[in-house]
Amino acid sequence: MFADAAAPGADVPSLWRSARSARCEAKSCQTGRIATAEAAAQSGTGRDAAVQTEQGEGAVQDWQQGAQADHTGLLSFLQRVEDTVIKELNKNWTSHAFDGFEVNWTDQNETVLCLHTLSYPEAQEQSLQVTSVSWNATGSVVACSYGRLDNGDWSTEKSYVCTWNLDRRGLNPQHPDLVVDVASSVMCLAFHPSQPSLIAGGLFSGELVVWDTSRTEDPVIWRTGMTDDTHTDPVYQVHWLPDPKHRHHSQLLSVSTDGKLLVWREERDGRLVLADGFAVMAQQIPRSARLRKLAQAEAAVGVTSLSFSPFDPHMFVVGVEGGYSLRCSTAAQALALPPSGRSVPLRAPAELAFSPHAGPVYSVSCSPFHRQNLFLSCGTDGQVHLHSMLQTQPLFALQLSQKYLFCVRWSPVRPLVFAAASGEGKGEVLLLDLARSLRKPTVSLRQAPSHCPVYCLEFNSKHTQLLAAGDAAGTVKVWQLSSDFTEQGPREVNHLEQLASESTD
């Protein structure tokens, strides 16, 4: 009844797979293919133009047909307005309404504000004073030197050079971005005119040092050391000069109360070596202004300040302890001193002596606007003299203080504006606008506490609304000037020329 048997297998074909294959669907999903199409284009047709491959003639013709000019209508319009346009152009050509005017896209500031009060607490604890301030080439970093201008002792007193980047987020006014310890009081500073990280300083010991602020470990890259060529008195100003033999190098000019003006060049071993030099000697000053209280024998005249003419690279002015300002030239050839152990002979640069102040001259500043080479000088008599380098007598003198004036600087953007640092009892920065008054300051800024003179100040040539000033209390204040002091008015240069010519007459 029962027997073993093997039934044949049954095969059921898959209708789902064949249907999907017929529709070319992806086998990884069971949904139908998604149809896509581009829409919402901004133009109905597309056409390539100005491509680097050659186009067919038909395509070029089609593109040119797209722009049709109404030459007849344009010609008619130009003929109608020609006389009116030419008349207005001629009128504008002869107008002086906008002479000297430059568009200022920044916000208008109606008042002078103190933006920052910068200080280094450790220097203030030692009662050190701010002896110099300088802005770097970009105008974003301000540096100050600490030392003493009253009774410093360079052999025992330590000082500092500090920098702040005002563009840095989270600026701490009492925490400088860089602090450099210096064994001797730093009397003056000068940032390199084109390399933002290089800064030169003159020391109380007579040395010169150049620091690279981008090097935090050992920022000193050049120094003079103590040699027979080094100054024997404090260095009161340093100035960067182009190197005539090497286009991409610079030289340093230093002035000191030992009467010498020395030009230094850099060496690869980190030394500054003497390249040229001058000396101001009493017997070589023009006889019309022979310094009083000095014998006719060889006697050095202490140099306290220096400023170069922006129109003549060889001409500069120095202020001296005898109260005079002297016009000098780097092209002078006469020897000032016989060779005496120095590596280069020292020449006599003085060409003309100007009418003196009643005491030592502390600062001079050449005008960047007037080709007759006007300059300002100030000193211990509290006066500012405006001079032309073509005559010995001042064009006029302003009595700004009953005490010392330590610094004067001409504005880099306003021909009739300058600033002065006062030693008056309440420590002031004085802003003068000669277009408003020839007798008194336009604005007096309270800089320091009582009995703390302002020793130094410097305009920012890049951000022209900024002015930095340092004082005996060890603080640097950055002032934001109002638009009145930063926007040049019409014919302002002509006003300065008229002022100079009237004073001369």
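The values are calculated or read from the model by the stated rules, or taken from the named source; none is laboratory data. Computed from a predicted model, the values in this text were never measured in an experiment. Every residue, glycine among them, receives a Cβ derived from its backbone with ideal geometry; neighbour counts consider all protein chains shown. In case anyone asks, the SASA skips ligands and DNA or RNA and just uses the protein heavy atoms, side chains included. Shrake-Rupley method; radii C 1.70, N 1.55, O 1.52, S 1.80 Å.
Structure values in brief
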quantity	calculated
Per residue solvent-accessible surface (Å²) - region 374-504, probe of 1.4 Å	36 Å²
Surrounding net charge for Gly201, when Lys and Arg each add one and Asp and Glu each subtract one, Cβ distance under 11 Å	0
Heavy-atom accessible surface of region 374-504: percent carbon and sulfur, 1.4 Å	46 percent
Segments 435-444, 70-79 sorted - mean Cβ within 10 Å per residue, highest first	435-444, 70-79
For region 155-255, average projected area of the Cα convex hull in nm²	7.6 nm²
Over 32 Å (Cα to Cα) - which of Lys245/Lys477; Lys87/Lys462; Lys158/Lys245; Lys158/Lys440; Lys403/Lys477; Lys91/Lys440 fall in this group	Lys245/Lys477; Lys87/Lys462; Lys158/Lys245; Lys158/Lys440; Lys91/Lys440
Per-residue SASA entry for Asp181, accessible area with 1.4 Å probe, Å² rounded to 10	90 Å²
Glu157, Glu487, ranked by accessible area, largest first (probe 1.4 Å)	Glu487, Glu157
Inverse mean reciprocal Cα-Cα distance (Kirkwood Rh) of region 374-504, Å	15.0 Å
Where Trp93, Trp240 fall by accessible area, highest first, once all protein chains stay in place (1.4 Å)	Trp93, Trp240
Ranked order, Ile285, Ile221, Ile34 - accessible area, probe 1.4 Å, largest first	Ile34, Ile221, Ile285
Cβ-based net charge around Leu253, under 12 Å, with every Lys or Arg adding one and every Asp or Glu removing one	0
Net charge over other residues, Cβ less than 14 angstrom from the Cβ of Asn136 (K, R count +1; D, E count -1)	-2
